[in-house]
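Student: My questions all concern the structure below.
Derivation of every value follows stated rules applied to the coordinates shown; laboratory data play no part. The structure presented is a predicted model; accordingly, all values stated were derived computationally and were not measured. Methodologically, a virtual Cβ is constructed for each residue, glycine included, from the backbone with ideal geometry; neighbour enumeration extends over all protein chains shown.
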Amino acid sequence: MTDNVHIRPLRDDDPVPSITHLLHQAYAPLAAMGLRYTATHQDDATTLRRLTRGFAFVGEFAGEIVATVTLYPTESAPGACCPWYAEPGVFSFGQFAVRPDLQQQGLGGRLIGMLEKAALARGASELALDTAEPAVHLRSWYDRLGFRFIEHADWSTTNYRSVILSKRLLP
């Protein structure tokens, strides 16, 4: 079924409340682990702000948004959230979610592959992310996709230490 999911850029008429709901659903198991990711509890205004800060994409199936991810360019402003994200050519991604009943069917991998191409097309040499250090299952999945550990980060908005992971992009 996930082969029938169409991945496309976010449109102005895409319903932000539906994306917020998707994020809450997809991140619920992490919340149940006691991990306070922003996506576990954010409101629609936060969802919209995070979507429009970068290049947002959605996965659509039968008219419903079933996946989302946002690609962020290198953070060039002083005080970037972590040193690695400020490195030239390092793009990152966040708000990565797949509807729970579609997880573990290859859609997440398709989204990562699309992100790699989109980042390369915009001049990136690395694709990075952060996730909770205790989320061992996620860290293992990213490791299998070729991401490597870079550094730790401790955000004021979460209740865990994060790991910054990154992957070299090859043209």
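Student: If you rank Y85, Y160 by fewest surrounding Cβ atoms within 10 Å, what's the result?
Tutor: Placing the least packed residue first, the sequence is Y160, Y85.
Student: List the residues, sorted by chain then number, that are 5 or more residues from W155 or on another chain and whose placed amide H is less than 5 Å from its amide H.
Tutor: S162
Student: Something else: For a test of the definition: using alpha carbon positions, the gyration tensor, and the 1.5 limit on a/c, classify the stretch 2-168 as rounded, prolate or oblate.
Tutor: Rounded is the answer for the stretch 2-168, as its axis ratio a/c remains below 1.5.
Student: Assuming a ≥ b ≥ c are the square roots of the Cα gyration tensor eigenvalues, decide whether the stretch 76-171 counts as rounded (a/c under 1.5), prolate (otherwise, with a/b larger than b/c) or oblate.
Tutor: It is oblate, given that a/c is not under 1.5 and a/b is not larger than b/c.
Student: Which helices count as membrane-span-like in the chain under these terms: full DSSP H, at least 20 Å along the axis by C-alpha, Kyte-Doolittle mean of 0.5 or more?
Tutor: Flagged H segments are 16-32, 107-121.
Student: Relative contact order, percent, of the stretch 7-63 when contacts are C-alpha pairs under 8 Å separated by at least 6 residues?
Tutor: Over the stretch 7-63, the number comes to 52 percent.
Student: Could you give me the ³J(HN,Hα) list for the stretch 82-91, computed from phi with Karplus coefficients 6.51, -1.76, 1.60 and θ = phi - 60°, whole Hz, x at Gly and Pro?
Tutor: 8, x, 4, 5, 8, 5, x, x, 9, 9
Student: If you don't mind, another one. Sort D130, D14 by Cβ crowding within 10 Å, fewest neighbours at the top.
Tutor: Final ranking by Cβ density, sparse to dense: D14, D130.
Student: Moving to a separate point now. Counting other Cβ atoms within 10 Å, which trypsin sites (Lys or Arg not before Pro) in the stretch 1-96 have at most 11 and lie in a DSSP loop?
Tutor: Sparse-neighbourhood loop trypsin sites (Lys or Arg not before Pro): R11.
Student: Then there's this: Could you work out the helix-only [θ] at 222 nm for the chain, with each DSSP H run of four or more residues adding -39,500 (n - 2.57) and the total divided by the number of residues, to the nearest 500 deg cm²/dmol?
Tutor: Mean residue ellipticity, 222 nm, calculated: -9000 deg cm²/dmol.
Student: Also, I was wondering about something else. Could you pull out every residue, at least 5 positions away or on a different chain, whose amide H is within less than 5 Å of the one on C82? Hs are placed 1.01 Å off N in the peptide plane, and Pro or chain starts have none.
Tutor: none
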